[in-house]
Structure formats: structure tokens, C-alpha cells
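The values are calculated or read from the model by the stated rules, or taken from the named source; none is laboratory data. Keep in mind the model is a prediction, meaning the values are calculated, not measured. In this analysis, Cβ positions are derived from the backbone assuming ideal geometry, glycine residues included, and neighbour counts consider all displayed protein chains. Ligands, DNA and RNA are stripped out before the accessible areas are found, and what is left, the full protein with its side chains, is counted by its heavy atoms. Shrake-Rupley method; radii C 1.70, N 1.55, O 1.52, S 1.80 Å.
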Amino acid sequence: MIRQGETRPIDAAFSELMRRYSPDMSAAAQDLIVELSQALSLQHSCLDLSRRRKTLVKELSGLSIVGDGQVPTPLVLRDDQLYLHRYFQYESSVARALIRRNRALPPQDHLGDQLEKYFGSAGGTINWQQIAALQSQTQQLTIITGGPGTGKTSTVAKILSMLRENDTDMDIKLAAPTGKAAMRLAESIVQFLPNLPEDSRETIPTRVQTLHRLLGMRSNGRSFRYNRDNLISADVLIVDEVSMIDLTMMHRLLEALPADTRLLLLGDPDQLPSVEAGNVLADLCRDRPGFSPAFADLCSKLLSVDVPTRKKQHALTDAICHFETNYRFSMDQGIGQLAVNIQAGELTLLSSSDDEVSVYSLESLAQDRMRSEIASYYFEYEMLLQDPLSDAASLLSNFESTRILCPIRDGDLGVETLNREIETHLEAQGLKASEQSFYHGRPIIITQNDYNLGLFNGDIGICVNDAQDNQIKAAFMGPLGEIKLYLASRLPPHETCFAMTVHKSQGSEFSHVTLILPNPTSTLSEQLLTRELIYTAVTRARHSMAIYANEITWSAALQRSVRRMSGLSSMLEVGEVTEELTDTQIDLFS
């Protein structure tokens, strides 16, 4: 329930509009509509009414503005969940599309030999990467989940090679929610290519598009070239970082896919949910759907392993495979152990004995020494900047090795203050002139897509001196290591990113991460500090991390979890979806 006193003008206006259509509604029913509007602003897709008076819910269901989703009405009531019609249709559409796509495909000849070739002999022990590969070859829908370092990308590279072996002309597309996530997936696949059979390396696709580019977003930023009437051309679509995909985008993506396209979704449901409404990946994984007896028989026949089966049928049975083994760092040391503790709800915060995790109190960032303390994490980068001719590739590579993360933008320890402190330090070192907006070495993050330039929200570049024309330009690295230069004056909206929010860091990884967790100063800043946020920040680090936090703030955050109201998981559990309405009908109530 939304706290009292937080009603916005738009909430009251929406409730009043609904009252005009149903003038007989009670004040209590009108208050529920206010709460629904508030819930949508907090990225819930619906309002839970399960604890409200039954008479009030009954009254609501009898209003002319409330329907069951079968006919167009502004609001929809389903199983004690009150929706704005648009979001009910989005959830229904996503559930319907996944249910239809989750069907078995005939296995290729010699599939068992192929699985052994890429993953070795199972030997009676379940290899979940091998199970996921089997799913990808025998199911139209495969959802692979797991934390960083569990082998999702390497498994996908092997799956790509298997698909190409079976059909060299297969149209395979790769996508991710942001430019940064797309580039990281491309880099990971390129790095793994030497581990694949030599004759298949040249056939593996390495071009990864953002979802906006895949769907053909037009310059108005609202409409897309590809939709239900103009489908994407793809035999296989693989999408990474699905936890970042909001409900609306997932609806658009599934709607634009041909019915026979094979779909692979990758992601970590324990990370932060999408910025916009919904928590799609977590909803898909809320109930472990398990495997059917038929798929279990296939595993036994081809791999000689026994996978657990589920007696109760689920709409995503045989579709989901979860990876737990981490190959990047040991689960009983440093970063790995901290990630495990966070997931388990362990509240203690201590430095690790192996120096992978170092913990400091917030007081160590006292104002008189905060600037030098924070700047010290970019010591090597600062050394590079001492040379005004340091090249873009070196600066980009070095800068991507470390990052300072913070959950908030404002305040004494917010992202904006931290960036300002580092830039003041650079001025003191003679590496930046006062009031100079663009300077050699300034790191920037794009905050708005620009399809004309090919720069996207989340892309990170470095400003460099271009010796050829003595101008400052912004350098961005492509997935294959190529450098592209842009005039600073032509850049889309952007900001400095020595420090960046944890949300902006999703889809990235760094050798070292510094996490600064300020004590909350308001209800809003308190709500930002959640278990998912801390887990996301910690799992951005590959080798080491420093944490500045007080234990009370840390433990309180771990006890606060993101819980977005949604009916998607229950729709998948029972397979209950309504008939589709047209886009025009949906838009009537958007």
C-alpha cells in the first residue's frame, strides 16, 4: 500500500476522471484508483487487493469502468489484482506468447554426439550447461538464468556453433537491452571463439544489437518499424541481460517475433529489475517449472543423466535452466562468498581474508580527505592522462578496469558530488582547466539514444585530444575493438561517469569496483537501498572491490527487497490468458 500523503496531482486527476465515468462509486473505491495510479508510478504493473474488504472489491468489480479483460474497459480486475487496461494486456500478451512458444522441436540426428563434442561426457553427473544446450536444440523457448561467471555466455557460444553446424544458413540475431550490454555480449563471444572448433568460428555471429535497434525504433522515440504487422526476420533470437527488460519492451519484442522463431533468453533474476514497470525475468522464474517426463527421458537417453521432473504442469515446463556453479571466482572466497551471503540474507559486512573485498566505514570519507580517497581509485588512469597524447584505446581500456558505484545521484556522497570531487582533483593536478566542459580523459556515459550517430543510452566513451585537427573528440570502442571518434559538440545528452549509479552499471563488469553506500537521508533514498541493488553492485566486480558503508545501513538494505506487484507469474502457472485486444483498443486506456 502506498503511504498516506503521497498523492500526486496526476493520481487525483486520474481518479476524478474515473469517477466521472462511474459517478456512483464510493469514496473508498475512488481511493483505490488513486492507489493504482501511485503503484504504477513505482513500476508495479497492478495493485494488490487481496487484503482489502471483500465488499469493497465486489463494489469495484461492479463498476462500468472495471472489466475482466475480455472487453475494453479502462480498468481490469483479475484475482484481486487491479490493473490499468494497458498493463493487463501487456502481461496477458507476454504470457500468451511464451506459452505458445514453449513447445518441443524434433531433435537433430547425432544430437547426443554433438552435446558430448561441446560439453564432454556427462558421466552420470548433471552438467546444467549441457542441459541448457539440449533445451536450445529441442525447445523453441529456452530461458537460461544464473549470476555473473556461471557460464551463460560460453554456453551460448557453444549453442551458436551447434546451430551453425546443423544449418549454416540459419538467420541468427543477438540482442541486449542497452548498448553497453550489447557490446559486452559481443566481446564475450569474440573472446570465446578460440575455444570453438576451427571450422565453425567464422560462422558464429558476433554482431549484437540493442533491442531498440532490433525493433527499428523511429526518430520520434515512440514507434517501431517492426511489430505484429511487420515481423522481425530471424530463425533464432538470443537476448542477454533480460532482467533489464521492462514489461512494455518484452511485449513489443514478443509481438514482433515470427511464431516459429526460436528464442533464447539469458539473465540473472537476482539483479535489479528494469527501470520501467514490471520485473519480467523474476516473474518468469518465480516458480521453478522443472522438467516433463518426456524431456527427462530425452536427457536419460542422450546424456545418461536423471533430471528432476515436476508432476504439476506449468506453462514454462522444460523452458528454464538455472546455472549455479561459478567459474569466475570461488564461492568460498572474497567476492563469490559475499554474493552468496547477500543472496542468503547474511547481514554481516566484513573484509575478506584474501583481500578481494575491503570494507571501510563511511567516516573514512570525511570531507577533508574524500577527494584524494576517491581519486586514488583512478591512480593508473590519472598517470595515463599525464601524457596529453595518450591514445583513445589505452584510455578506454584502462578506464573500463575500475568504476565507482553509488545508488543515488544527489547528496554529499551521490554520483554528482563524487564526479565533481574527482574533476576538482584533476584541476589541482593541472589535467583539467576550471570550467572546462570537455577535456582530455573525461569519461562520459550517453543518457539518450541517438540512432543517427549510432550512440545509445549506457554507451561509455572518453574525450581525447585529436592531434590531427587539435579538437576534443569523444572516442567510443566498438565490439571488435574499433575506435569511433565523434565531435563533442554533436554528442547526444550525456554526463561524466567516473562515478555512476548502480542502475547504470548493469550489463557491465570491471576488474575493481568501489561501492559507496550512503546512509539514507529520506524515504526515497532508503527505498533505493535494497538487496538487489547491493547484489548487482557486488557482481559487477571480477577481481576486487572496496565497500564504504556503515553496518546498520548495509544490514537494513539486505532486509529490503524489490517486490513489484504483477500477475504474470500466476498467468503462467495456470496458463490463463485472455483474448488479445487490438492496439487501438489498448491505446484507448493508456
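Quick look at the values:
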item	result
Among ILE126, THR203, SER434 the positive-end extreme of the charge dipole of the chain (Cβ point charges)	ILE126
Relative packing of peptides 80-89, 202-211, 233-242, 12-21 - highest average C-beta neighbours within 10 Å first	80-89, 233-242, 202-211, 12-21
The range 454-543: projected area of the alpha-carbon convex hull, averaged over directions, in nm²	8.0
Value in Å of the Kirkwood radius, where the range 190-313 supplies the Cα pairs that are averaged	17.4
Heavy-atom SASA rank of SER352, SER489, SER376 (probe 1.4 Å, accessible area, largest first)	SER489, SER376, SER352
Cβ charges +1 (Lys, Arg) and -1 (Asp, Glu), total dipole of the range 1-80, debye	120
Stretchable slack from VAL71 to HIS512, in nm (0.36 nm times residue separation minus alpha-carbon distance)	153.4 nm
Computed P(r) (all Cα pairs; the range 54-123; 10 Å bins; percent)	17, 28, 16, 12, 14, 12, 2
Most to least packed among 189-196, 48-55, 154-161 [average Cβ atoms within 10 Å]	154-161, 189-196, 48-55
Hits among lysines - C-alpha to C-alpha of LYS173 under 28 Å, sequence gap 8 or more where chains match	LYS117, LYS152, LYS158, LYS484, LYS504
Per-pair calculated FRET efficiency, R0 = 35 Å: ARG228 and ASP24 via Cβ, rounded to 0.05	0.40
Lys, Arg +1 and Asp, Glu -1 on Cβ, resulting dipole of the range 313-425 about Cα centre, debye, nearest 20	180
Solvent exposure ordering (accessible area, 1.4 Å, most first) of MET25, MET217	MET217, MET25
The range 348-506, Rg to Rh (Cα coordinates; Rh as Kirkwood inverse mean 1/r)	0.98
Quotient of Cα Rg and 2.2 N^0.38 Å for the range 172-236, N being how many residues it contains	1.33
Rg(Cα) / (2.2 N^0.38 Å) computed for the range 46-88, rounded to two decimals	1.04
Alpha carbon Rg of the range 268-341, scaled by the compact-globule rule 2.2 N^0.38 Å	1.41
Karplus-derived 3J(HN,Hα), 6.51/-1.76/1.60, for each residue of the range 268-273, Hz, glycine and proline x	10, x, 8, 6, 4, x
Hydrodynamic radius of the chain per Kirkwood, over alpha carbon pairs, in Å	25.9
Length added when fully stretched, SER397-ASP297, from 0.36 nm per residue minus Cα-Cα	31.2 nm
Hull volume in cubic angstrom per residue (convex hull over the Cα atoms of the range 416-466)	93
Largest-first ellipsoid semi-axes for the range 493-572, taking √(5λ) over the Cα gyration tensor eigenvalues, angstrom	23, 18, 14
Average projection area in nm² (convex hull over Cα atoms of the range 17-95, one quarter of hull surface)	5.1
LEU350/GLN429 FRET efficiency (R0 35 Å; Cβ-Cβ; nearest 0.05)	0.55
Magnitude of the charge dipole, the chain, Cβ model with Lys/Arg +1 and Asp/Glu -1, debye to 20	1240
Under 20 Å from LYS432, Cα to Cα: lysines that are on another chain or at least 8 residues apart	LYS473
